[in-house]
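The values are calculated or read from the model by the stated rules, or taken from the named source; none is laboratory data. Bear in mind that the values here come from a model prediction, so they are computed numbers and not experimental data. Note that each Cβ is placed from the backbone with ideal geometry, even for glycine, and that neighbours are counted across all protein chains shown.
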Amino acid sequence: MSRLILFSAAIALISSAALAVEPAPATVTSTKAGGIGNNGLVTSETIDGGIKFTTGEGAESSFAHNTYEVVYKPPADDVDYLKAERAMTAKDYAKAIESYRASAAKSKFDWVRQSSAVSVALCAQALKKPEDGIAAIQGLEKDYPKSVRLPEALLIKARLLADKGDKAEAVKVLTALAGHDKDWGLKEASKGATGLGEILVADQKFADAVALLSPWLAKIAKFPNDFATIGLLLGQAQAGSSAVPAALDTYRAVAFSAADPSLQARAHIEWSKLLAAKTTLPDLMASFDHAAIAALIKGVDGNVRGEALKVAKEVVAKIVAASPGNDDAKNKVKIEYTTYLGKLQ
């Protein structure tokens with residue numbers, strides 16, 4: 001064997017060793033009623049094959065995709081990943097993206113590499129560098145073509161493509177994603193519908209957005225957050241089509257769903273805005289109530305809560321203006337609602 005061949009083989013072995021990964025500590029729980037969490041080591045997780053792991057007692061087990069929930073143990077010795085997560089929390093995207101790149105390249109856990117690649121794309125989006133984000137997702141597609149994070153990644157890729165002006169390619173990516181309902185599942189495929197809906201709403205093609213999103217809302221009812229995401233888009237499209245009663249019904253369904261608090265709050269805010277546009281005193285008072293509910297929902301994101309308070313304040317001014325009576329009477333209403341606003345802070 002020639003020296004060149006031996007040298008090439010050695011380089012290949014070194015590269016292989018550098019890319020080696022280990023089973024990841026995690027808790028895996030069946031989504032069936034009464035499912036008990038199992039602590040163990042995840043040996044693989046793919047979008048078509050599900051998850052395979054070894055329990056703490058050494059028993060091998062597996063779940064099909066979409067029949068389990070997995071919580072990976074934070075990698076305490078992965079300095080790059082931990083630095084990236086801290087920078088991301090601080091919204092220091094320039095620092096975060098470099099640490100995520102390092103983590104995506106050399107972490108000993110597959111899930112960290114995949115998550116870091118997606119986070120690189122998110123940082124690139126925040127930094128308005130779509131080409132960098134697209135490259136990160138393309139790397140994920142190449143290295144992990146069956147990653148469970150691929151649906152989210154493809155949605156981000158499509159948004160980045162749209163950001164750089166390639167809307168046709170974005171639509172192509174999203175249409176393909178939406179067509180994966182049979183092999184990846186409705187929850188994942190709905191991300192394609194979400195992205196297509198975003199493009200249609202941004203282009204003010206509201207009727208087309210309603211036609212696209214309406215069937216999806218019923219399909220994904222058992223996935224609260226995806227249901228809420230589609231519902232918020234659908235409500236916006238219905239309102240844009242002047243179908244306000246239908247939009248109010250959609251926002252009502254999202255507001256009282258089991259979705260995350262911030263998604264529920266967002267629905268109450270949009271509900272409030274539609275009622276405020278009607279300008280009658282009963283509608284304005286109901287509008288204030290929904291803005292207040294959005295601000296008071298436990299666990300709501302700070303930015304969403306801030307918007308709810310802003311809407312509530314704007315509605316108070318309209319309530320005062322629409323109230324009957326002289327200036328003294330209106331001032332009493334103003335004092336009353338200002339008190340309510342104070343209690344929302």
Of the conditions (1) at pLDDT 95 or above; (2) under 24 Å from Gly235 (Cβ atoms); (3) of a type in the set (S, T, N, Q), Ser323 fails just one. Which one is it? (2)
Which numbered condition Lys278 fails, given (1) crowded, with 16+ Cβ neighbours inside 10 Å; (2) out of contact with any Asp or Glu (no Cβ under 6 Å at 6 or more places or on another chain); (3) not hydrophobic (A, V, I, L, M, F, W, C): (1)
Those residues of the stretch 243-264 which are over 16 Å from Leu213 (Cα atoms) and in contact with a Gly (Cβ under 6 Å, 6 or more places away or on another chain) amount to Pro261
If you go through the stretch 195-228 one residue at a time, how many are over 17 Å from Ala162 (Cβ atoms) and of a type outside the set (A, V, I, L, M)? 11
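Table: residues versus (1) touching a Ser or Thr at 6+ places or on another chain (Cβ under 9 Å); (2) in contact (Cβ under 8 Å) with a residue 40 or more places away in the chain; (3) part of a helix (DSSP H, G or I); (4) over 13 Å from Ile230 (Cα atoms).
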position	(1), (2), (3), (4)
Val173	no, no, yes, yes
Ala176	no, no, yes, yes
Thr194	yes, no, yes, no
Glu198	no, no, yes, no
Leu212	no, no, yes, no
Trp216	yes, no, yes, no
Within the stretch 64-76, is there a residue that is touching a helix residue (DSSP H, G or I) at 6+ places or on another chain (Cβ under 7 Å) and under 16 Å from Arg113 (Cβ atoms)? yes
